[in-house]
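Peer 1: This is the structure, below, for whatever I ask next.
The values are calculated or read from the model by the stated rules, or taken from the named source; none is laboratory data. Nothing here was measured: the structure is a model prediction, and the numbers come from that model. Reconstructed Cβ throughout: ideal geometry from the backbone, glycine too, with neighbour counts over all protein chains shown. Heavy atoms of the whole protein, side chains included, go into the accessibility calculation; ligands, DNA and RNA do not. Shrake-Rupley method; radii C 1.70, N 1.55, O 1.52, S 1.80 Å.
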Amino acid sequence: GAVVSQHPSRVICKSGTSVKIECRSLDFQATTMFWYRQFPKQSLMLMATSNEGSKATYEQGVEKDKFLINHASLTLSTLTVTSAHPEDSSFYICSARDPGSSYNSPLHFGNGTRLTVT
Amino acid sequence: DQQVKQNSPSLSVQEGRISILNCDYTNSMFDYFLWYKKYPAEGPTFLISISSIKDKNEDGRFTVFLNKSAKHLSLHIVPSQPGDSAVYFCAASERGFKTIFGAGTRLFVKA
């Protein structure tokens with residue numbers, strides 16, 4: 001089945017630094033990837049839709065300059081949290097839908113990245 | 001505005017009994033509904049789905065029921081097994097666009 005790999009799984013950084021999270025589709029090409037964020041005991045909140053070769057589409061309330069998304073190839077999307085602050089500490093998860101399947105096919109998720117900003 | 005709601009944060013069930021997880025939604029344009037299962041420190045994995053043109057979909061021990069008039073769906077697991085203990089997310093999408101998730105229900109299956 002379709003596999004999405006996310007790296008790193010955990011990262012601790014100091015306030016003010018930037019952190020890059022990578023999301024790769026291992027056995028399929030993904031023209032679109034989705035970045036979610038999950039707060040403790042809360043839902044997965046869609047942050048943005050990453051589009052290969054074009055700009056990402058951000059959800060309302062998500063700062064595009066804060067969360068930089070780059071989808072440079074059909075198998076890689078990156079999320080960079082710039083000038084991180086403690087309130088950015090969260091669980092970030094990427095996902096993709098196998099483009100060969102129907103538009104309603106399930107999303108395949110990476111294992112997530114636990115970001116802690118000190 | 002929560003478009004997908006899971007009002008029970010947790011559920012505890014005895015092994016062998018039925019687990020029923022509930023989900024409500026507000027957007028009548030949703031046409032596809034899914035259930036995902038999530039273990040700690042892992043991403044969600046797809047469990048079962050249902051199209052809005054159906055009212056039931058079954059896959060082994062898992063059955064999803066959809067009541068469009070009530071904007072309600074439920075996931076039945078029978079018989080429940082200790083390995084089913086996880087967080088279950090209800091999700092919905094409209095014409096394949098962004099998938100909206102509920103807050104999740106943590107299921108505990110006691111041996």
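Peer 1: Could you identify which residue out of A:G53, A:G16, A:G61 has the top mean-square fluctuation in a GNM of chain A using Cα springs shorter than 10 Å?
Peer 2: Of the options given, A:G61 has the highest mean-square fluctuation.
Peer 1: Excluding B:N67 itself, calculate the net charge of residues whose Cβ lies under 12 Å from the Cβ of B:N67, where each Lys or Arg counts +1 and each Asp or Glu counts -1.
Peer 2: +2
Peer 1: Let me ask something else. Suppose every Lys and Arg Cβ carries +1 and every Asp and Glu Cβ carries -1, with no other charges. What dipole size does chain B come out with about its Cα centre, to the nearest 20 debye?
Peer 2: On the way: 13 positive and 10 negative charges, 17 e Å.
Dipole size: approximately 80 debye.
Peer 1: Within the set of other residues whose C-beta is less than 14 Å from the C-beta of B:L34, count the net charge using Lys and Arg as +1 and Asp and Glu as -1.
Peer 2: Within the 14 Å Cβ shell, the charges total +2.
Peer 1: So, with +1 on the Cβ of K and R and -1 on the Cβ of D and E, and no other charges, what is the size of the charge dipole of the protein assembly as shown about its Cα centre, to the nearest 20 debye?
Peer 2: 320 debye
Peer 1: Go ahead and set up a Gaussian network model of chain A, Cα springs under 10 Å, then flag whichever of A:E22, A:E59, A:E87 fluctuates most.
Peer 2: A:E87
Peer 1: Bin by bin, in steps of 10 Å, what percent of the Cα pairs in the protein assembly as shown do you find, going until the bin that has the longest distance?
Peer 2: Percent of Cα pairs in each bin: 8, 32, 35, 20, 5, 0.
Peer 1: Okay, next question. Once the dipole of region B:1-99 is set up with Lys and Arg at +1 and Asp and Glu at -1 on Cβ about the Cα centre, which of B:V4, B:G16, B:F46 lies farthest towards its positive end?
Peer 2: It is B:V4, whose Cα lies furthest towards the positive end.
Peer 1: Now a separate question. Summing +1 for each Lys or Arg and -1 for each Asp or Glu, what net charge is found among the other residues whose Cβ lies under 13 Å from the Cβ of A:T57?
Peer 2: +1
Peer 1: At 0.36 nm per residue, and after removing the present C-alpha to C-alpha distance, how many nm does the segment from A:S18 to A:S73 gain when stretched out fully?
Peer 2: Contour length minus Cα-Cα distance gives 17.6 nm.
Peer 1: Over all distinct Cα pairs, what is the inverse of the mean 1/r for chain B, reported as the Kirkwood hydrodynamic radius in Å?
Peer 2: 13.9 Å
Peer 1: Rounded to the nearest 100 Å², what is the buried accessible area between B and A, both sides summed, probe 1.4 Å? Don't skip to the end; give the middle numbers.
Peer 2: Values: alone 6170 and 6640 Å², together 11280 Å².
Rounded to the nearest hundred, the buried surface is 1500 Å².
Peer 1: Taking a temperature of 37 °C and a viscosity of 0.692 mPa s, what whole-number D in µm²/s does Stokes-Einstein yield for region A:44-90 with Rh from Kirkwood over alpha carbon pairs? Before the final figure, lay out the partial values.
Peer 2: Values: Rh = 11.4 Å.
So the translational diffusion coefficient is about 289 µm²/s.
Peer 1: Where the centre of each part is set by its Cα atoms, how far does region B:28-107 sit from region A:1-19, in angstrom?
Peer 2: Value for the Cα centre distance between the two parts: 27 Å.
Peer 1: Now a separate question. State to the nearest 20 debye the size of the charge dipole of chain A about its Cα centre, where the only charges are +1 on K and R beta carbons and -1 on D and E beta carbons.
Peer 2: Working: 11 positive and 9 negative charges, 52 e Å.
The calculated dipole for chain A is roughly 260 debye.
Peer 1: Sticking with this structure for a sec: Springs between alpha-carbon pairs under 10 angstrom, Gaussian network model over chain A: which of A:V62, A:V81, A:V19 fluctuates most?
Peer 2: Of the options given, A:V62 has the highest mean-square fluctuation.
Peer 1: Lysines near B:K54 by alpha-carbon distance under 30 Å, same-chain residues fewer than 8 away left out - which ones?
Peer 2: Partners found: B:K5, B:K37, B:K38, B:K68, B:K71, B:K98.
Peer 1: Treating the Cα atoms of chain A as identical point scatterers in vacuum, please give the log10 of the normalised Debye intensity I(q)/I(0) at q = 0.18, 0.21 Å⁻¹, two decimals.
Peer 2: -0.87, -1.17
Peer 1: Antiparallel DSSP bridges in chain B: what percent, to the nearest 5? It would help to have the intermediate numbers written out before the result.
Peer 2: Details: 37 of 42 bridges.
The answer is about 90 percent antiparallel.
Peer 1: Could you do me a favour and compute the accessible area per residue for the protein assembly as shown, 1.4 Å probe, result in Å²?
Peer 2: On the way: 11280 Å² over 229 residues.
It amounts to 49 Å² per residue over the protein assembly as shown.
Peer 1: Relative contact order of chain B: what whole-number percent is it, with Cα pairs under 8 angstrom and at least 6 residues apart?
Peer 2: Here the relative contact order equals 37 percent.
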